[in-house]
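Participant: Here it is, the structure in full.
What follows draws every value from the coordinates through simple rules; no lab data is involved. Every value quoted in this text rests on a predicted model; they were computed, and no experiment measured them. So basically every Cβ, Gly included, is an ideal-geometry build from the backbone, and we count neighbours across all protein chains shown.
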6 protein chains.
Amino acid sequence: MPPVMSITRTYAFCAAHRLHTEQLPDDVNQTIFGKCNNPNGHGHNYTIQVTVQGELDTKTGLITDVNRLDQIVQDLIVTRFDHQHLNFDPAFQALTTTGENLASVIWDLLVDRIPSGRLEKIGVVETRDNFFEFVGDQKSAIL
Amino acid sequence: MPPVMSITRTYAFCAAHRLHTEQLPDDVNQTIFGKCNNPNGHGHNYTIQVTVQGELDTKTGLITDVNRLDQIVQDLIVTRFDHQHLNFDPAFQALTTTGENLASVIWDLLVDRIPSGRLEKIGVVETRDNFFEFVGDQKSAIL
Amino acid sequence: MPPVMSITRTYAFCAAHRLHTEQLPDDVNQTIFGKCNNPNGHGHNYTIQVTVQGELDTKTGLITDVNRLDQIVQDLIVTRFDHQHLNFDPAFQALTTTGENLASVIWDLLVDRIPSGRLEKIGVVETRDNFFEFVGDQKSAIL
Amino acid sequence: MPPVMSITRTYAFCAAHRLHTEQLPDDVNQTIFGKCNNPNGHGHNYTIQVTVQGELDTKTGLITDVNRLDQIVQDLIVTRFDHQHLNFDPAFQALTTTGENLASVIWDLLVDRIPSGRLEKIGVVETRDNFFEFVGDQKSAIL
Amino acid sequence: MPPVMSITRTYAFCAAHRLHTEQLPDDVNQTIFGKCNNPNGHGHNYTIQVTVQGELDTKTGLITDVNRLDQIVQDLIVTRFDHQHLNFDPAFQALTTTGENLASVIWDLLVDRIPSGRLEKIGVVETRDNFFEFVGDQKSAIL
Amino acid sequence: MPPVMSITRTYAFCAAHRLHTEQLPDDVNQTIFGKCNNPNGHGHNYTIQVTVQGELDTKTGLITDVNRLDQIVQDLIVTRFDHQHLNFDPAFQALTTTGENLASVIWDLLVDRIPSGRLEKIGVVETRDNFFEFVGDQKSAIL
């Protein structure tokens, strides 16, 4: 059986966001989210890590089609979120724009679109010291 | 004469902004600023480099009071801009929120407040691949 | 069931240490630890990665209380070790100050103190090219 | 039972390579590998992460002999590949020089040579945004 | 007078090269260039820093047209050198492919093409620990 | 005239230190140096940047002999300070071990030993956010 490997590709986008949910009163939002609840929003340089696991194609030495993967992530993730305010995105109408939810949303947007192999993990680097990871087998069902 | 040295301290804040000026029609704003002109704004993890040059105090081996410098930058820059939308800041009411203007504004806010030595350079890292530097002798006069 | 996610927060402290154990003769210490056995000690800029895993709170989009986590790590780890000599810390009276033991000690200090979710992993970056990880379910029992 | 830990050591080498296999016609090579198929080759600063897992020696606080590990990786990996063209290496006579195959080859070269503990993972950082990982229990059998 | 600022944009390409000159006998090449003289070549992930200095346009808050600058560097530098062997490039037929010469060549290719402002500096990061800078007022005349 | 270029080589060492001077009373030391005055010392992973400027040798495309430079810095700086306590070094008997003084000391140790070209700048990275630079024409005369 050919070895199973993983490849992690890194992508970047810049976006604004505000942590706030209509499901909670304003003062509770303020208590929970603190300065991230500022109504004018703030923003980040997000780095997204897409990890694909697959069997090695022993002829080519590849586990997935990286060019197609890049095109898919560019079309579905980077173009969608780059230079946008995440709170205005349809995916976040019922979800706060936390790193946790962003990782789940990206997982859901990509999990059925991996050219070959399977999506193993989504990483979201929000700041130099704040990093989120989501590992699943199928749709996380939050979308 | 004691040697002249420089120290560079790095600070970080997260902010939203939108590149847009009322001095130009909307379509010209769009042409010049492209995706950075998105009305909802976007954002960055800004890293600020403050370089202070000074004569070495041969007794202490220091050129400035780093604790006071940190406190000043914290009070005047980080607290002011962190988790804010730059376009709402008074300093940017007549200025676009480009990295160039941000470097100038930070220069002006700090140049007279350095505990000892003199402000030599302000660096603004906006993204991994986009970096601005401003070197002046006095107030840049844009504020 | 809500998705399970992880968040990794990064913290830093600077400390001195010396690799040496009273349980072994001096020449064996020297053989095993080499230049790290220098009696005057040396030091590092340590970076600590604290990974917490938890169920997503679907209302807030969070898996833990990051502000409390930061405060706990600041109080229990950073304040304790920053600008200290690790060999003088009570935790290391019977333990060498290797990256391995440091990871275990930090695990033990934090494992019962995570505000919500559970401690998944402790990472210790000792130098640019030297990194330790400890993953456990409960107290590692070395303290 | 003593805790089980892991240590990751990072090593670097610079090498040229070309993605091409004699098992496929030239035009298929060109389609699959694109610009990486350029006959003159191109190159990278490779960073290799060697993760060793082991039981903590409670006397020394170590899980492996790092000096011997470094010497082994230096002799078997760095000296062999640094400032070389990977396609000329015997290991790659029947294998393409993809990051996937490079991770497998390094796994096979090191798996039986770890001084104590066991090889847990090989990471290959090919570019800033392209990273490969191989995790196995034994020889991957591609060599 | 408007303030003078600088912007540094970072670009990346991967290339092979070999340090060797026909102007010197083979054994002298070997002595001077050591392992970099290996006939099969080796390679690097090059990072290029292009620093442009200019007067601030007080209306837009910009010192140059970044989109045009990016397009020019993409066309003249990245497309030309990415996934190539530098020794086969016409610019290096009479020049060794050292970091010094690469910085000079890039300077010469860009100095007359800056959209506005002037080229202030070219930086070439060859490896993590090896960095070259060239600062000039006009063509360096090596091309 | 051949172009003038600069090369920056980066070196690393790990060391302990304590900020304290016998020229000042203990309480003044404590006020000025704060937690850095802790008698047990603390430590850092120091990164040293050595910038050499020189005329391009148009035959080789080099401005200095990098192998000799590396050997000199290894012998005079890295071997001397790595895994040491800086306060025990003869150079610091009358000097505090600040980043400023460390940069000056390294300048003085290297300025007359550059194989070709001239020493242009010494950079000392003490922590991720703390960086010192010294630029001189000759011995800084603090040694």
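Participant: Which of the aspartates and glutamates could a cross-linker bridge to E:Lys121, judged by Cα under 14 Å and excluding same-chain residues fewer than eight apart?
Facilitator: E:Lys121 reaches B:Glu133, E:Glu100, E:Asp108, E:Asp112, E:Glu133, E:Asp137.
Participant: I need the inter-copy label distances for A:Pro2: point set 7 Å along Cα to C-beta, values in nm with one decimal, smallest first.
Facilitator: 4.0, 4.0, 5.1, 5.6, 6.7
Participant: On to the next question. Between the stretch C:67-101 and the stretch E:67-114, how many Å separate their Cα centres?
Facilitator: Cα centres, the stretch C:67-101 to the stretch E:67-114: 50 Å.
Participant: Here's a follow-up. For chain D, count all C-alpha to C-alpha pairs, find those more than 26 Å apart, and express that count as a whole percent of the total.
Facilitator: The share of Cα pairs beyond 26 Å in chain D comes to 29 percent.
Participant: For the stretch C:39-51, what does the Karplus curve 6.51 cos²θ - 1.76 cosθ + 1.60, with θ = phi - 60°, yield as ³J(HN,Hα) per residue in whole Hz, taken in order and with x for Gly and Pro?
Facilitator: x, 6, x, 9, x, 8, 8, 7, 10, 10, 10, 10, 9
Participant: Still on this structure, I have one more. Report the residue of chain B with the smallest Cβ-to-axis distance, using the rotation axis that brings B onto A, in whole Å.
Facilitator: Of all Cβ atoms in B, the one closest to the rotation axis yields B:Gly43, 0.
Participant: Now, a different point. What number, rounded to the nearest 500 deg cm²/dmol, is the helix-based mean residue ellipticity at 222 nm of the protein assembly as shown, given -39500 (n - 2.57) per DSSP H run of at least four residues and division by all its residues?
Facilitator: Mean residue ellipticity at 222 nm (helix-derived): -5500 deg cm²/dmol.
Participant: What average number of partner chain Cβ atoms lie no more than 10 Å from the Cβ of the residues making up A:17-24? Let's see the in-between values first.
Facilitator: Working: counts 5, 3, 4, 0, 4, 0, 3, 2.
Neighbouring Cβ atoms belonging to other protein chains average 3 per residue here.
Participant: What does DSSP give for the protein assembly as shown in terms of the percent of beta bridges that are antiparallel, rounded to the nearest 5? Each step should come with its number before you reach the end.
Facilitator: Details: 187 of 199 bridges.
If I count the DSSP bridges inside the protein assembly as shown, around 95 percent turn out antiparallel.
Participant: Can you tell me the dipole magnitude for the stretch E:1-138 around its Cα centre, using point charges on the Cβ only (Lys, Arg +1; Asp, Glu -1), in Debye to the nearest 20?
Facilitator: Using only the charged Cβ atoms, the result is roughly 300 debye.
Participant: How shielded is C:52-62 by partner chains, expressed as the average number of their Cβ atoms within 10 Å of its Cβ atoms?
Facilitator: On the way: counts 0, 2, 1, 0, 9, 4, 7, 7, 12, 14, 8.
Shielding by partners across C:52-62 averages 6.
Participant: Now for a different question. Between the label point of E:Lys59 and that of the same position in each other copy, find the distances and list them shortest first in nm, with every label point placed 7 Å from Cα along the Cα-to-C-beta direction.
Facilitator: 5.3, 5.6, 5.6, 6.0, 7.9
Participant: Let me check against my output: what whole-number percent is the relative contact order of the stretch B:1-118, with C-alpha pairs under 8 Å and at least 6 apart?
Facilitator: Normalised by residue count, the contact order of the stretch B:1-118 is 36 percent.
Participant: How many partner chain Cβ atoms sit within 10 Å of a residue's Cβ in peptide C:71-84, on average, as a whole number?
Facilitator: The shielding value for this peptide is 2.
Participant: Where does the charge balance sit around A:Phe88 when Lys and Arg score +1, Asp and Glu -1, over other residues with C-beta under 12 Å from its C-beta?
Facilitator: Neighbourhood net charge equals +1.
Participant: Could you tell me how far the Cα centroid of the stretch B:3-39 sits from the Cα centroid of the stretch A:8-37, in Å?
Facilitator: 22
Participant: Return the Rg/Rh ratio of the protein assembly as shown with Cα-based radii and a Kirkwood Rh.
Facilitator: Using Cα coordinates only, the ratio equals 0.94.
Participant: Let me ask you something else. Output, in nm with one decimal and in ascending order, the distances from the D:Pro115 label point to the matching label points of the other copies (7 Å from Cα along Cα-to-Cβ).
Facilitator: 3.1, 4.3, 4.3, 4.5, 5.5
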